[in-house]
Amino acid sequence: MIDVVLPCLNEAAALPWVLERMPDGYRPIVVDNGSTDGSERVAAAYGALVVWEPLRGFGAACHTGLLAATAELVCFMDADASLDPRQLPRVVEPVASGASDLALGRRLAVGGAWPAHARLGNAVLARRLRRGSGVPLTDLGPMRACRRAALVELGLTDRRFGYPLEMVLRAAAAGWRISETEVDYLPRAGRSKVTGTVRGTWRAISDMRAVLATHHA
């Protein structure tokens with residue numbers, strides 16, 4: 001079994017598609033972060049393990065899901081239908097085979113997904129990450145896989161949008177082998193809380209810049 005952490009805030013419309021496409025042997029853990037649209041009921045109806053995180057924040061939801069996971073391998077992905085769970089095995093394979101310690105899905109936009117402002121912000125951060133830490137990444141993709149116990153030991157502290165970046169920085173500092181695998185990036189269901197607006201993108205970038213500053217990358 002492989003656990004899949006899905007941070008969730010008002011994703012009732014997207015969850016059926018996401019959970020129906022979860023591969024055999026992958027257990028979805030939906031972390032409800034204060035939804036008001038019945039997301040937790042939808043998730044439970046489709047067989048997901050539902051846990052709650054009252055502290056609002058992407059990182060808070062991700063970390064609660066990590067602590068709820070019990071499988072040797074753990075994945076993370078968004079719950080908004082922008083990523084296809086059927087492509088999770090692509091990301092898991094390098095970790096399961098022992099070729100990589102942390103694998104990220106490098107997003108390839110499909111059908112108008114990924115607005116220009118969000119794509120630019122991601123590229124700038126990835127470039128700064130490469131220059132500052134030597135990590136050869138082109139995308140800070142939200143679909144990723146690693147070994148659960150090792151990730152817990154990294155002691156991630158960010159509870160906002162800096163969590164994914166802190167994961168990469170701490171993994172690199174610990175000598176982890178980090179790789180990328182191409183995955184499709186689809187138009188999400190509904191409006192994104194991050195990429196859907198310039199303000200949301202800027203908030204995420206600000207959180208990540210704070211993490212970069214802390215780690216001197």
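Taking the criterion of being among the aliphatic types (A, V, I, L, M) and without any contact (Cβ under 8 Å) to a residue 40 or more places away in the chain, the only residue of region 148-168 that qualifies is Leu154. Among the residues that make up region 25-41, is at least one of them of a type in the set (Phe, Trp, Tyr), crowded, with 17+ Cβ neighbours inside 10 Å and either within 21 Å of Tyr163 (Cα to Cα) or in contact (Cβ under 8 Å) with a residue 24 or more places away in the chain (or both)? Yes; the residues of region 25-41 include at least one that is of a type in the set (Phe, Trp, Tyr), crowded, with 17+ Cβ neighbours inside 10 Å and either within 21 Å of Tyr163 (Cα to Cα) or in contact (Cβ under 8 Å) with a residue 24 or more places away in the chain (or both).
Can you report the number of residues in region 123-169 which are buried (at least 22 other Cβ atoms within 10 Å of the Cβ), part of a strand (DSSP E or B) and of a type in the set (D, E, K, R)? Residues that pass the stated criteria total 1. Does Tyr46 fit the bill of being within 16 Å of Val91 (Cα to Cα) and at pLDDT 95 or above? Spelling it out, it is not the case that Tyr46 is within 16 Å of Val91 (Cα to Cα) and at pLDDT 95 or above.
The values are calculated or read from the model by the stated rules, or taken from the named source; none is laboratory data. Just so we're clear, the structure is a prediction, and the values are computed from it rather than from any experiment. Glycine gets a Cβ as well: all are built from the backbone with ideal geometry, and neighbour counts include every protein chain shown.
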